[in-house]
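Working notes, beginning with the structure itself.
The values are calculated or read from the model by the stated rules, or taken from the named source; none is laboratory data. Since this is a predicted model, take the numbers as computed values, not measurements. Cβ coordinates were reconstructed from backbone atoms using ideal geometry, including for glycine residues, and neighbour counts include every protein chain displayed.
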Amino acid sequence: MNSAVWSRIAAAGTRTARWPWWLQVGGLYLAARLVSACIFMAAALHQGVNPWFPAKPDYWSFINIWDARWYGEALRNGYPAELPTDDAGAVQENTWAFYPLFPLLGRILAGLAGIAPAAALTIIAMLSGLAAALVVYRLFRRKATHRTALWGTVFFCTFPISPILQVPYAESLNLLLLAAALLLVLRRRYLWAMPVVLLMCLSRPTGVPFAAMVGLLFLYRVYPRLVATFRGRPRTDMVHSPAAGTPAAGPHTPGELWSLAGLAAVSGLGALLWPAFAWAVTGDIQAYTKTETVWRGQDLVPFKPWFDTGVQLFGPVLGLLAPFVFVAAFVLVMMSRPVAALGTELRLWCVCYVGYLLVFLHPQTSTFRMLLPLFPLALGAALVSRSRAYRATVVVMFILLQIVWIVWLWAWAQLPGGGDYPP
C-alpha cells in the first residue's frame with residue numbers, strides 16, 4: 001500500500017517537473033496557501049469570544065482581523081489630519097502607522113469591481129503573494145539550479161509565517177516589490193529599480209535598510225576602482241562567478257556605478273516619503289514616529305528594547321548577553337557556506353535588514369512577522385543539502401510551525417491582564 005502511494009507521488013512529481021517553471025511555482029504557492037487555509041479554518045472552529053465577531057467565525061471573517069482592520073480603515077476613511085490623543089495629550093493608535101500603497105490599491109479595486117473593501121484587500125494580498133513567489137524563484141534562479149531554486153521557493157511559501165501572505169496585510173505586496181528590487185539590483189538594472197523601490201517604500205517600512213544596502217554596495221563596488229586610481233594603475237577586476245544559468249558579469253562600468261549611486265539616493269529619499277507626508281498633513285514632524293511608538297508603549301531608543309526584552313525573558317545577567325548571542329549566531333549564519341553562495345547583494349540585504357531591526361524594532365510576538373524580508377535565507381536553507389529527506393523535513397516542520405503561529409498568535413485568546421499577543 002505504501003509503495004503504491006509513493007509510486008503515485010513519484011509519478012505525479014515526474015509529470016509536474018515537465019511543466020513550465022512559472023506553472024510549477026504557481027501550483028506550489030497555491031497548494032501552500034490551501035494548506036494554510038485549512039489551518040486557519042481549523043483554528044476558527046475553536047475561536048471563542050473576541051473583539052471582532054461571534055465565536056467560530058467563517059474563514060473570511062477569521063482572516064480579516066488584527067491589522068487587516070486598520071488597513072480597511074485606511075481604505076475607507078484615509079488618514080487623520082490631526083493625530084488623535086487622549087485627555088493627557090498622548091497620541092493614540094491611528095492609521096498613520098500603516099503605509100498607503102496597499103489600502104490605495106484596495107480602494108481602486110473595490111471601486112472598479114464593486115466589491116467589499118475586505119474582499120479587495122484579500123484579493124490583492126493573494127495575488128501579490130503569488131507574484132512574489134514567481135519573482136522570488138527568478139531571484140533564486142540566478143544563484144542556483146532550477147531544482148534548488150524551486151525548493152528555496154517552497155521554503156518561502158511554507159515558512160511558519162507564510163499564512164500572512166493570504167490575509168489582508170501588506171506583507172505580500174511589500175515582498176513582491178522587495179524581491180523585484182533585489183532582482184533588478186542583481187541584474188544591474190538600477191534605473192529600472194528606482195520606481196520599484198519608491199513603491200516598496202510606500203508599502204512597508206523597508207526603505208531604510210534597502211537604502212543602507214544599496215549605499216554599502218556602491219562603496220563596495222567603487223572602492224577597488226578608487227584604490228587603483230590613486231595608486232596610478234589601471235583596474236583589473238576579476239570576472240564575477242556566473243550564477244547558474246546566467247552569463248558571467250564583468251566589473252561595473254562608470255555608468256552603472258553612477259546609476260547605483262542614484263539608486264542609493266532615491267532609496268534614501270523613498271524611506272522618508274511616508275514620514276514626510278504624515279508631517280505635511282498633520283503639521284507634526286514626528287507624526288509617524290509618535291504613531292508607531294504608541295504600540296510599543298514607550299519612546300524609540302535605539303537598541304534598548306532588545307536588552308529590555310532580554311532581561312524580561314532571561315533575567316538581569318543572561319538577558320543583557322542575549323542580544324550579543326543573537327548577533328553572534330547571525331554572523332555565523334551569514335558566514336556559512338550555503339549563505340555565502342547567495343552572493344554579495346543578497347547577503348548585504350540580510351545584514352542591513354537585521355541591523356535595521358536591531359536599531360529600531362521593539363521585539364515582541366510581531367517580530368516573527370518582521371522576519372519575512374529575510375526570505376533570501378530560504379535559498380541558503382535549500383543549499384544546505386540536496387537530500388530530499390532533509391528538504392521535505394524542513395517543509396513539514398514549517399507547516400507544523402504554521403499551526404503553532406496561527407493557534408498561538410492569530411487566534412484571539414484574552415490574556416489575564418486583558419488584550420492578547422499580536423501576530
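Are any of the residues in region 155-164 on the phi < 0 side of the Ramachandran plot, β-branched (Val, Ile, Thr) and assigned to a helix (DSSP H, G or I)?
Quick first cut of region 155-164, residues on the phi < 0 side of the Ramachandran plot only: 155-164.
Then drop every residue that is not β-branched (Val, Ile, Thr), which leaves 158, 161, 164.
If we keep only those that are assigned to a helix (DSSP H, G or I) too, we end up with 158, 164.
The answer is yes, given that some residue of region 155-164 is on the phi < 0 side of the Ramachandran plot, β-branched (Val, Ile, Thr) and assigned to a helix (DSSP H, G or I).
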Going through region 97-117 in order, the residues found to be buried (at least 20 other Cβ atoms within 10 Å of the Cβ) and over 20 Å from the mean Cα position of the chain (by Cα) are Ala110, Pro117
Restricted to region 238-275 and to residues being modelled with pLDDT of 95 or more and among the hydroxyl-bearing types (Ser, Thr, Tyr), the residue nearest to the chain's Cα centre (by Cα) is Ser267
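Per-residue answers, yes or no, for (1) closer than 28 Å to Glu93 by Cβ; (2) out of contact with any Gly (no Cβ under 8 Å at 6 or more places or on another chain); (3) of a type in the set (Val, Ile, Thr); (4) modelled with pLDDT of 95 or more:
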site	(1), (2), (3), (4)
Phe277	yes, yes, no, yes
Val281	yes, yes, yes, yes
Gly310	yes, no, no, no
Leu346	no, yes, no, yes
Over region 14-58, the set of residues modelled with pLDDT under 90, loosely packed, with under 10 Cβ neighbours inside 10 Å and not hydroxyl-bearing (Ser, Thr, Tyr) is Arg15, Arg18
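Conditions tested, residue by residue: (1) among the hydroxyl-bearing types (Ser, Thr, Tyr); (2) surrounded by fewer than 14 Cβ atoms within 10 Å (Cβ to Cβ); (3) under 20 Å from the mean Cα position of the chain (by Cα).
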position	(1), (2), (3)
Gly315	no, yes, no
Gly319	no, no, no
Arg337	no, yes, no
Ala340	no, yes, no
Arg347	no, no, yes
His362	no, no, yes
Note: among Pro205, Pro209, just one is within 29 Å of Ala271 (Cβ to Cβ), at pLDDT 95 or above, under 30 Å from the mean Cα position of the chain (by Cα) and not in a helix (DSSP H, G or I), namely Pro205
Going through (1) in contact (Cβ under 8 Å) with a residue 12 or more places away in the chain; (2) outside any loop (DSSP other than H, G, I, E, B) one by one, Pro168 fails only at (2)
Per the filter on region 362-409, residues without any contact (Cβ under 8 Å) to a residue 12 or more places away in the chain and in a helix (DSSP H, G or I) are Thr367, Arg388, Ala389, Tyr390, Ala392, Thr393, Val396, Met397, Leu400
Reported set for region 13-32 where residues are assigned to a helix (DSSP H, G or I) and either of a type in the set (Lys, Arg) or in contact with a strand residue (DSSP E or B) (Cβ under 7 Å, 6 or more places away or on another chain) (or both) is Arg15
**Request:** Kindly establish whether Leu400 is surrounded by fewer than 13 Cβ atoms within 10 Å (Cβ to Cβ) and either of a type outside the set (A, V, I, L, M) or more than 30 Å from Tyr220 (Cβ to Cβ) (or both).
**Result:** yes
